[in-house]
Amino acid sequence: LALCRERAAAENLLPTLHFGSIEQNTLTATFDHVLVPAFTFQLAEDADRALAQLAARIKPNGWLYVTTFIPMAELEGDLPENTWYEDHSISLSDHECATLHTRHRLDRAACLLWREHHYRIQHAQRGLRHEQLSVQRIRWFNNKSWLAQLDNAGFHNIEQFADFSPSQPLRRRS
């Protein structure tokens with residue numbers, strides 16, 4: 001949020017930003033547009049309740065922008081399941097290296113992906129400086145279930161496209 005505020009200020013913009021659970025929000029204001037970025041929506045425990053909350057916060061003729069993904073690399077076996085693998089590594093200043101190791105587990109029937117990320121910053125001579133573990137539970141949606149959930153929440157004028165490109169429409173429905 002701090003980074004968003006900083007970048008918006010540089011553009012003379014003042015976005016309204018909120019932090020908290022989509023399902024449990026206590027907002028009473030309504031908005032012209034709501035953005036849920038970077039598969040954040042897929043972290044919601046109760047997708048139907050989250051969509052209902054979002055629908056209640058958007059003005060008539062407003063827009064909801066949601067980015068989602070399907071974990072194709074995991075589903076297709078390109079990444080080893082239940083095995084730690086080096087996801088990213090980068091050299092930092094002062095002889096330090098930052099690494100990210102990841103492992104995941106799939107529940108294909110429930111469309112759930114659990115990811116564990118193990119972050120480490122290590123100095124070549126002084127050893128480990130910092131490490132952190134994070135766990136994510138990510139739900140993915142097939143087109144049919146996603147459209148049904150949007151419809152049930154009251155969203156009817158829907159545009160879907162792939163890879164952030166309106167030139168690659170998946171479906172338009174009004």
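Restricting to the stretch 89-120, name every residue that is open to solvent by 70 Å² or more (accessible area, probe 1.4 Å), within 17 Å of Gln136 (Cα to Cα) and in a strand (DSSP E or B).
If the condition is that a residue be open to solvent by 70 Å² or more (accessible area, probe 1.4 Å), within 17 Å of Gln136 (Cα to Cα) and in a strand (DSSP E or B), then Arg103, Arg105, Tyr119 are the ones that fit.
Looking at (1) in contact with a Lys or Arg (Cβ under 9 Å, 6 or more places away or on another chain); (2) modelled with pLDDT under 95; (3) more than 23 Å from Ala153 (Cα to Cα), find the lone condition where Leu43 falls short.
Against the list (1) in contact with a Lys or Arg (Cβ under 9 Å, 6 or more places away or on another chain); (2) modelled with pLDDT under 95; (3) more than 23 Å from Ala153 (Cα to Cα), Leu43 comes up short only on (3).
Does Ala162 satisfy being among the aliphatic types (A, V, I, L, M), over 22 Å from Phe39 (Cα atoms) and open to solvent by less than 30 Å² (accessible area, probe 1.4 Å)?
No; evaluated as a whole, the condition is false for this residue.
When you scan the stretch 42-52, do you find a residue that is more than 18 Å from the chain's Cα centre (by Cα) and open to solvent by 100 Å² or more (accessible area, probe 1.4 Å), even just one?
Within the stretch 42-52, none of the residues are more than 18 Å from the chain's Cα centre (by Cα) and open to solvent by 100 Å² or more (accessible area, probe 1.4 Å).
Any residue at all in the stretch 73-80 that is at pLDDT 95 or above, surrounded by 13 or more Cβ atoms within 10 Å (Cβ to Cβ), of a type outside the set (A, V, I, L, M) and not in a strand (DSSP E or B)?
Yes, because at least one residue in the stretch 73-80 is at pLDDT 95 or above, surrounded by 13 or more Cβ atoms within 10 Å (Cβ to Cβ), of a type outside the set (A, V, I, L, M) and not in a strand (DSSP E or B).
Yes or no: the stretch 105-122 includes at least one residue that is among the aromatic types (Phe, Trp, Tyr) and either touching a residue at least 60 places away in the same chain (Cβ under 8 Å) or under 28 Å from Thr16 (Cβ atoms) (or both).
Scanning the stretch 105-122 turns up no residue that is among the aromatic types (Phe, Trp, Tyr) and either touching a residue at least 60 places away in the same chain (Cβ under 8 Å) or under 28 Å from Thr16 (Cβ atoms) (or both).
Surrounded by 10 or more Cβ atoms within 10 Å (Cβ to Cβ) and at pLDDT below 90: does that describe Asn25?
Against the criterion (surrounded by 10 or more Cβ atoms within 10 Å (Cβ to Cβ) and at pLDDT below 90), Asn25 qualifies.
Matching residues to (1) out of contact with any helix residue (DSSP H, G or I) (no Cβ under 8 Å at 6 or more places or on another chain); (2) open to solvent by less than 60 Å² (accessible area, probe 1.4 Å); (3) touching a residue at least 24 places away in the same chain (Cβ under 8 Å); (4) on the phi > 0 side of the Ramachandran plot:
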site: Ala10; (1), (2), (3), (4): yes, no, no, no
site: Leu13; (1), (2), (3), (4): yes, no, no, no
site: Ala55; (1), (2), (3), (4): yes, yes, yes, no
site: Asn82; (1), (2), (3), (4): yes, no, no, yes
site: Asp87; (1), (2), (3), (4): yes, yes, yes, no
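Being open to solvent by less than 50 Å² (accessible area, probe 1.4 Å) and among the hydrophobic types (A, V, I, L, M, F, W, C) narrows it down to one of Leu150, Leu128, Leu133, so name that one.
The conditions single out Leu150.
The values are calculated or read from the model by the stated rules, or taken from the named source; none is laboratory data. Remember, predicted model here, so these are calculated numbers, not experimental data. Every residue, glycine as well, gets a Cβ built from its backbone with ideal geometry; the counts of neighbours run over all protein chains shown. Note: areas computed on protein heavy atoms with side chains; ligands, DNA, RNA excluded. Shrake-Rupley method; radii C 1.70, N 1.55, O 1.52, S 1.80 Å.
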